[in-house]
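Here the structure comes first, spelled out in structure tokens, and everything after it is commentary.
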Amino acid sequence: MATPFDITLQIVLAVLAGITAQVVAEYLRLPSIIFLLSLGVGLGPDVLGVIEPKVLGSGLEVIVSLCVALILFEGGLNLELKELGQVSGSLRNLITIGTFITLLGGGMAAHWFGEFPWPLAFLYGSLVVVTGPTVITPLLRQVQVEKKVATILEGEGVLIDPVGAILAVVVLDILLNGDTDVGFIVGGLAQRLSIGAVIGGVGGALLGQFLKRADFLSEELRNLVVLASVWGLFGFAQNVRSESGLMATVTAGLVLRALSVPDERLLLRFKGQLTVFSVSVLFILLAADLSIDSVFALGVGSVFTVLALMLLVRPLNIYACTLNSDLNWRQKLFLSWIAPRGIVSASVASLFAILLTDRGVNGGDSIKALVFLTIIMTVFIQGLTARSVAKFLGITQADATGVVIVGCNPIGRLVGRLFNQQGESVVMFDTDEEACELARQDGLQVYLSSALDAELLDEAGLSSIGTFLALTTNGEVNSVVAERAAEEFQPPRVLAILPRSDAEPDLKPNGKGGKVTPTPLAIKIWNTYLNDDAAEMNTTQLQAEDFEKQKDRLNKLIAMGDLLPITLQRNGKLDVVLGPGTWQPGDTVTYLMHDPTPQLLKRLSGGKRTGRLVKGTLPPLPTNEADSGAAAAGGNEPDNGTIDGGDAAAQENPSSGLQPS
């Protein structure tokens, strides 16, 4: 019989091993489950014999139940109902139709390839229905795929876990009791889901209202109140109807997030830490409890079973569930490839193995071994290739294109026209009706509204656009709008322009958002230049030859306020610059050059109107001081490759769209 010290030692070793695996995974930027599984098996009885979960006895089941409840609550807490609404059709199908496709497909694969009897084969199919946020969320954090794809994978991982766990319990009841009535299956599943949803929904709403009114609670106590409530709802739901507790915790998390309780970020951080801790301990204990001999005893047929699940069942599932969606083939292909199994599959399979053995049913250890083999293969193969597949398909956030611009001022409209000419999506926001009308005349999509309206930003497609640019003449508005966009939509690039004048050259960026790039810019001055025809737009390509001199000259002109880079094209990708950048040979820079020559003098002398912004291809920027004066003066002398004579060029190419309104 194990002593209290033996049990304590097992828990301590599991915690140490789990956190060590997390640290190594974070350092190597790989999915942590890879190291958790490897270390758990290595420290288990079959290898080093350091960790022996059987010492915990029935305590292992208690730890598994409470930790899984906490993990699923945190998963629900991280889901945004608004984001789920964007992909509600596909997500609904994955959780309903997709569940039964995986159940049937996994069962047939286990029977035909793994040679399991039909009852055990379908039990396996029910256990691998789930994917799991414990694997998906860290994986997506590293891969950074498009928001819509990430939302589907995260939503599926959280919402399908309680459905899959309850389905597995129903299938187990059929296996043990022999009742194969379809009504029994559907009824048992619906009953548990409904009871769990009601208890979790009501409990989450009451908890949210309490947190909003309980101003007297400290931060530490507030977090512990939530923890106690989650376990309380889980226990109550389990007492009302077995296996309904998981649905209760997920629903409670969704409701609490929707209510926007005070100090939500602190709550999310605390629950995230507890989830990492729970996953670390659970995977170590469950992997250590796995018999390596039972995995090898499955034979080569088990490998084909998992491959069939990955390469046949999952793609069929995605095809059927996203048939009428607006997802493109690249997004569907990535969804078909990514479906790693996680902690819920492992924990439920471990509990079922114990229960089947206690009831005298053969095959419990084999089912557990096959589930763990599925976890190992899906995590290693899909987890290690996810980044490469996403880059190959071009669906990472870094590949996202288009721009949302807040501010229909002259600079904003110019940026919009440049992106629009490249065939990229452009959406503009402003509360000034006259400015919006000017943008519409330029052929740009415009919303006469504040950019703080999240519903309109969602309608504008910000979740799939590459750049968000806050470009009003009010720095505080830009900061607030940019931070809100970064928090709610997480676009790859968020720029907040901080207006400054020549009299305020030392203004420091004050952006707070971690993903927001504060960009000081004398926007009022440059808007005035454009309105007064005192700026000329040109493009230049930085050459490898004399690159350092070109780069220094470019940065010097920017610092002097004579030149404003607008866009940078590198490797076929267009980005907003609006300030000093990290230049590379081959970069194509589109810029504005201030022309200080009085307009009346230029017109009397017959010079071109520099305000007629005609995009031309210029030689590299001047690299010596003698040439800089000509550059600063507007470069009126025609050069090879330069489109000279603004008015004439505009008449010859009226569709260029580059003339200011």
(message) Among the residues of segment 299-323, what is the count of those that are open to solvent by 30 Å² or more (accessible area, probe 1.4 Å), on the phi < 0 side of the Ramachandran plot and not in a helix (DSSP H, G or I)?
(response) 1
(request) Those residues that are polar (S, T, N, Q) and under 17 Å from ASP587 (Cβ atoms), I need them from segment 522-560; list them, please. (result) ASN538, THR539, THR540, GLN541, GLN543, GLN550, ASN555
(message) I need a count of the residues in segment 352-366 that are open to solvent by 60 Å² or more (accessible area, probe 1.4 Å) and either within 14 Å of VAL171 (Cβ to Cβ) or basic (Lys, Arg) (or both).
(response) 2
(message) Being within 21 Å of CYS67 (Cα to Cα) and β-branched (Val, Ile, Thr) is the requirement here; does VAL171 meet it?
(response) no
(message) Report every pair of residues separated by at least 6 positions or lying on different chains whose Cβ atoms are under 7 Å apart, first residue within segment 536-558 and closer than 15 Å to LEU568 by Cα and without any contact (Cβ under 8 Å) to a residue 60 or more places away in the chain, second open to solvent by 20 Å² or more (accessible area, probe 1.4 Å) and part of a loop (DSSP other than H, G, I, E, B).
(response) ASN555/PRO580; ILE558/PRO580
(message) Could you check segment 282-292 and list, in sequence order, the residues that are open to solvent by 10 Å² or more (accessible area, probe 1.4 Å) and in a helix (DSSP H, G or I)?
(response) ILE292
(request) Identify all residues within segment 409-428 that are under 16 Å from THR539 (Cα atoms), part of a helix (DSSP H, G or I) and not β-branched (Val, Ile, Thr); write none if there are none. (result) LEU414, ARG417, LEU418, PHE419, GLN421
(message) Considering only residues that are under 16 Å from GLU146 (Cα atoms) and either over 14 Å from the mean Cα position of the chain (by Cα) or surrounded by fewer than 18 Cβ atoms within 10 Å (Cβ to Cβ) (or both), which ones fall in segment 465-484?
(response) THR467, PHE468
(message) Can you confirm whether ALA287 is within 29 Å of LEU60 (Cα to Cα) and of a type in the set (Gly, Ala, Ser)?
(response) yes
(request) Go through segment 370-386 and count every residue that is under 21 Å from the mean Cα position of the chain (by Cα) and of a type in the set (A, V, I, L, M). (result) 4
(request) Name every residue in segment 438-453 that is surrounded by 15 or more Cβ atoms within 10 Å (Cβ to Cβ) and under 25 Å from the mean Cα position of the chain (by Cα), in order of residue number. (result) ALA451
(message) Being more than 17 Å from TYR591 (Cβ to Cβ), modelled with pLDDT under 85, open to solvent by less than 80 Å² (accessible area, probe 1.4 Å) and among the acidic types (Asp, Glu) is the requirement here; does GLU488 meet it?
(response) yes
(request) Working only within segment 302-355, note down all residues that are farther than 20 Å from LEU140 by Cα and of a type in the set (D, E, K, R). (result) ASP326
(request) Go through the residues of segment 339-357 one by one and say whether even a single one is within 22 Å of ARG92 (Cβ to Cβ) and hydrophobic (A, V, I, L, M, F, W, C). (result) yes
(request) Would you mention how many residues in segment 48-57 are over 12 Å from ASP6 (Cα atoms) and under 38 Å from the mean Cα position of the chain (by Cα)? (result) 0
(message) Kindly evaluate ASP326 against the criterion of being over 24 Å from SER90 (Cα atoms), out of contact with any Leu (no Cβ under 9 Å at 6 or more places or on another chain) and either part of a helix (DSSP H, G or I) or open to solvent by 10 Å² or more (accessible area, probe 1.4 Å) (or both).
(response) no
(message) Residues that are of a type in the set (D, E, K, R) and within 24 Å of PHE100 (Cβ to Cβ): does segment 378-398 have at least one?
(response) no
(message) For segment 113-134, give me the residue count where each residue is more than 24 Å from the chain's Cα centre (by Cα) and open to solvent by 10 Å² or more (accessible area, probe 1.4 Å).
(response) 9
(request) Examine segment 395-408 for a residue that is part of a helix (DSSP H, G or I), over 20 Å from LEU39 (Cβ atoms) and either open to solvent by less than 10 Å² (accessible area, probe 1.4 Å) or of a type in the set (Phe, Trp, Tyr) (or both), and state whether such a residue exists. (result) no
(request) Would you mind finding the one in THR137, THR131 that is closer than 28 Å to ARG269 by Cα, hydroxyl-bearing (Ser, Thr, Tyr) and not in a helix (DSSP H, G or I)? (result) THR131
(request) Return yes or no: is THR137 surrounded by fewer than 24 Cβ atoms within 10 Å (Cβ to Cβ), touching a Gly at 6+ places or on another chain (Cβ under 9 Å), closer than 30 Å to GLU459 by Cα and polar (S, T, N, Q)? (result) yes
(request) Working carefully through the options ALA339, ALA346, find the one that is within 14 Å of THR374 (Cα to Cα), outside any helix (DSSP H, G or I) and either aromatic (Phe, Trp, Tyr) or touching a residue at least 60 places away in the same chain (Cβ under 8 Å) (or both). (result) ALA339
(request) Report yes if THR374 is open to solvent by less than 20 Å² (accessible area, probe 1.4 Å) and more than 30 Å from ILE566 (Cα to Cα), otherwise no. (result) yes
(request) Report the residue count in segment 526-561 for those that are surrounded by 17 or more Cβ atoms within 10 Å (Cβ to Cβ) and within 14 Å of HIS594 (Cβ to Cβ). (result) 12
(request) List every residue pair whose Cβ atoms lie under 6 Å apart, where the two residues are 6 or more positions apart in sequence or sit on different chains, the first residue falls within segment 307-332 and is more than 19 Å from THR99 (Cβ to Cβ), and the second residue, located anywhere, is hydrophobic (A, V, I, L, M, F, W, C) and assigned to a helix (DSSP H, G or I). (result) ARG330/LEU393; GLN331/VAL149
(request) Would you be able to tell me the number of residues in segment 541-572 that are more than 21 Å from ILE497 (Cβ to Cβ) and either outside any helix (DSSP H, G or I) or charged (D, E, K, R) (or both)? (result) 15
(message) If I ask for residues that are in contact with a helix residue (DSSP H, G or I) (Cβ under 9 Å, 6 or more places away or on another chain), crowded, with 19+ Cβ neighbours inside 10 Å and either under 13 Å from THR467 (Cβ atoms) or of a type outside the set (Gly, Ala, Ser) (or both), which ones from segment 418-437 would you list?
(response) VAL426, VAL427, MET428, PHE429, ASP430
(request) Give me the pairs, please: first residue somewhere in segment 261-283 and at negative phi, second residue anywhere and open to solvent by 40 Å² or more (accessible area, probe 1.4 Å) and among the acidic types (Asp, Glu), beta-carbon distance under 6 Å, and either six or more positions apart or on two chains. (result) LEU266/GLU219
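The values are calculated or read from the model by the stated rules, or taken from the named source; none is laboratory data. None of the values given here were measured: they were computed from a predicted structure. Ideal geometry is used to build each Cβ from the backbone, glycine not excepted, and the neighbour counts take in all protein chains shown. With ligands, DNA and RNA removed, areas are computed over all heavy atoms of the protein, side chains included. Shrake-Rupley method; radii C 1.70, N 1.55, O 1.52, S 1.80 Å.
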